[in-house]
Structure formats: C-alpha cells, structure tokens
1. For the range 277-314, name all the residues that are surrounded by 24 or more Cβ atoms within 10 Å (Cβ to Cβ), more than 13 Å from HIS93 (Cα to Cα) and among the small types (Gly, Ala, Ser).
2. Of everything in the range 238-256 that's of a type in the set (D, E, K, R) and more than 23 Å from ILE171 (Cβ to Cβ), which residue is surrounded by the fewest Cβ atoms within 10 Å (Cβ to Cβ)?
3. What about THR340, is it at pLDDT below 90 and closer than 23 Å to VAL62 by Cβ?
4. Those residues that are touching a Ser or Thr at 6+ places or on another chain (Cβ under 8 Å) and in contact (Cβ under 8 Å) with a residue 12 or more places away in the chain, I need them from the range 45-73; list them, please.
5. What number of residues in the range 79-93 are out of contact with any Cys (no Cβ under 7 Å at 6 or more places or on another chain) and farther than 10 Å from GLY173 by Cα?
6. Outside the structural domain of ALA159 (by TED's automatic domain parsing), surrounded by fewer than 22 Cβ atoms within 10 Å (Cβ to Cβ) and out of contact with any helix residue (DSSP H, G or I) (no Cβ under 6 Å at 6 or more places or on another chain): does that describe MET259?
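The values are calculated or read from the model by the stated rules, or taken from the named source; none is laboratory data. The structure displayed is predicted, hence computed values, not measured ones. Using ideal geometry, Cβ is built from the backbone for each residue, glycine included, and neighbour counts are taken over all protein chains shown.
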Amino acid sequence: MQTSTSNPSATGFRLAVPARQPLFTRRGWSALVVLALIAAVGVPVCALLLPEGHPLHVSAYVLTLVGKIMCFALAAIALDLVWGYCGILSLGHGLFFALGGYAMGMYLMRSIGREGVYKSDLPDFMVFLDWKELPWFWHGTGHLGYSLLLVVLVPGVLAWLFGFFAFRSRIKGVYLSIITQAMTYAAMLLFFRNETGFGGNNGFTDFKRIAGFAVAAPHTRTALFVLTFAALLAGFIACRYIVTSKLGRVVTAVRDAEMRVMFSGYNPLGYKLFVWTFSAVLCGIAGALYVPQVGIINPGEMSPANSIEMAVWVAVGGRGTLIGPVIGAFLVNGAKTMFTAYFAEYWLFLLGAMFVLVTLYLPDGVIGLLKRLRGEPARRQPAQGAAPAGASPVVTPSNASEAAPAGATRSGGDA
C-alpha cells in the first residue's frame, strides 16, 4: 500500500517555506528610476550647461565630493553583504578598496607618459628612486582594459585565498575580525616601502589623463560621476538579488545558525567564500572609481582606521538592510565634511558623540529609527539555533534543495 507524501492531510506533515521576496517593490523601482534620471541626465545638464552663477549649477567640487561619497557607499554595501547577512565582521575591507585604487592608479601613472616632471617614460617616483626599468608587475598597466581586469582580479583572488584558509579553519567572530585587521595593517606597512614599486609614502598622484581624456576636464569629472552612480546602482541591485535568492537564504542561515545549516546538508564554506569574494570585488571597483576623482592613492587608504570607519557607516545606516549603509556613508561623510569646514578643532569630538549616540539609542541604525516612526516592528535577530516561527523543524534530504535551512527567514532591504 502506497501513501502519497504530497498530501499534507495524509501525512500530517507540512513544510512552511517562506515565499521569496520581490527584488524591489513598485515604489522601490520607481525611486531607482528617478534617481537614475537625476544622476544620468539632471546632474550633467546642471554641471555642463548651466553657468556658474546659476542656482542649479553643480560645481566641480560638489561633483567630486558626492562622487567620492558614492564610492564609500559602494564599499559600505559590500561590507554589509558580509557583515549584515553572513555575520562576518571584516575590519580589513579597506585593503580591497585600496588595491582596486592602486590598480587604477598604475594605469593613470602610465598615462602621464613624458608629461611628468622628469620627462621620462617611467613614473616620476621611479626616476627619483633611480629605477632603470618598470618592474614586471607594471607591464600591461598602460592599457585600461588590463588595469580594469586587475581591479577585479587582485582583490578577488586575495579575498578568495584568505577566505578559503580562514573559513576552512572555521575561524569566526572577533578572531576573524582581528586577523582581517592585521592583514590590512601588514599590507599598509608593505606598501609604505619604496622598494615595493608603489610609490612608498606618497603613493600615486599628479594624474593627467584617463582613457585619453583630461582628468580635470569638466566633461571627464561628470562622466566619472555618472559611472560611479551606475556602479553603485548595479552593486546595490546585485547585492539585493543575492540576499533575496535561495543563496541569500542559506547565507542568512549561516549567520544565524551555522551548525544547523551543516546538519541540514549544506557546506557553509562555499557560500561564505562566494559572498566574501564578491564583497571584495565590489570594494575594489569602488576604489578604482575613487582614485581618478580624488587624484591620489597612497598606503594611508589601507589604514585599519579606514576599515573601522566602513563598519561605522554600516552601523549608523542599519546593518542587514543594504540601503542603510548607503545612508550611513552619506550621513557620516557629510557630517565629517561639515565639521571639518566649520568646527575644525572639535570635529573628532562631534563625530565621536554621534557614534556613541547611535550605538546607545539607534541599535538598528537610521533605518531602524525610520521603521519605528512608521510603526513597523523592530528587526530582531533570531536566537542561536532557534527555528523560525511557522517553519518545519525538520528538513529532509528530499526537500533540502527546495527549502531554506532552518533560521533562514529574514532577508533585509527596504527599497
């Protein structure tokens, strides 16, 4: 006698699998379209066509400042992907950001050609240090396509190698955070040395051209602004797609109850490696867009303080939301710009007070505050190993490919 397992009433078993969230609501898509039109059409018109005296004119300073903050926002989204959704607090993402910047900086230095101070085919710092030829790792960096490949590969390969050995050894928590901080600090000390071939203390600067266009030209700055917004938008959509997919459910379950995920038949190593490496690549792209806009890259970008500041952006905006880190990056860096302009002697105290107040009174960041103001329930972290409400306590091998692991019920994002 055969029993049909597809009929819940016949077996008394019903597997409650949460429905997949849509990528964005209709309101979210509308907001993204409006922002894209403003950035791709409105800003270029205001920057290039309106005269400087016009109230809607966008100056080169504003373009550079907002473009720089958008690069920080992309890096914050990358960190939120691993910290907010996978539970990996990285204090070394500044390294991936700087490596992408150095890869782009090598191309920009080669693009100077003989217009440097020493009128040499070698970058000025190499002539000053009496280098006779380009190091082997500089070959090919005179081509933009090759440099863009380095922007993706160098942070990605380093992140994969680090993550493979760290996650395979099951290092987690504060120990992993300390190791990531040590990694970026060691890289900073390495890049400070003149013999490494990366400009030492001064790094790379005095850029002239990018893709044949003058870096300081208004059209180039506007194009870099639009490209940065496009990268931020694409990174946000890609991360949102990941966290709302089946992959995102597993990653979130790894954060909440890694042991239960393993007992359900999943190997967390591959999921953590993918999210970690993808996050590093996003940081590298952010760094590559940052360098031509600010005009300099040096080992100071690898400072552990920069990586800690990225975590602050995520915490201020709201961890595990994706849109929160963008808000946090703009709030913190906007406040820093204002404080340094008007309260130069006290800006560190003001920023410190803001961070303390956010920690005490906004544990879920700005996004959590907005939710409370709208009357929505606060986001709660499930207890370690606790099954979500309404879900089956057992996931069998026959349905493991269709069901999310226990604990994988929350997926962030408010756009």
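1. ALA288
2. We begin by selecting, within the range 238-256, every residue of a type in the set (D, E, K, R); these are 240, 246, 249, 255-256.
Still in the running and more than 23 Å from ILE171 (Cβ to Cβ): 240, 246, 249.
Working: ARG240: 24, LYS246: 13, ARG249: 22.
So the residue we want is LYS246.
3. On the way: at pLDDT below 90: yes; closer than 23 Å to VAL62 by Cβ: yes.
Yes: the conditions hold for THR340.
4. ALA47, LEU48, LEU63, LEU65, GLY67, MET70, CYS71
5. So in the range 79-93, the residues out of contact with any Cys (no Cβ under 7 Å at 6 or more places or on another chain) come out as 79-80, 82-92.
Next, from what is left, pick out any that are farther than 10 Å from GLY173 by Cα: 79-80, 82-86, 91-92.
Here the count works out to 9.
6. The answer is no for MET259.
Yes/no matrix, rows are residues, columns are (1) aliphatic (A, V, I, L, M); (2) more than 21 Å from GLY101 (Cβ to Cβ); (3) assigned by TED's automatic domain parsing to the domain that holds ASP130:
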{"site": "ASN202", "(1), (2), (3)": "no, no, yes"}
{"site": "THR205", "(1), (2), (3)": "no, no, yes"}
{"site": "ARG209", "(1), (2), (3)": "no, no, yes"}
{"site": "ALA214", "(1), (2), (3)": "yes, no, yes"}
{"site": "LEU227", "(1), (2), (3)": "yes, no, yes"}
{"site": "PHE236", "(1), (2), (3)": "no, no, yes"}
{"site": "ARG240", "(1), (2), (3)": "no, yes, yes"}
{"site": "LEU247", "(1), (2), (3)": "yes, yes, yes"}
{"site": "VAL254", "(1), (2), (3)": "yes, yes, yes"}
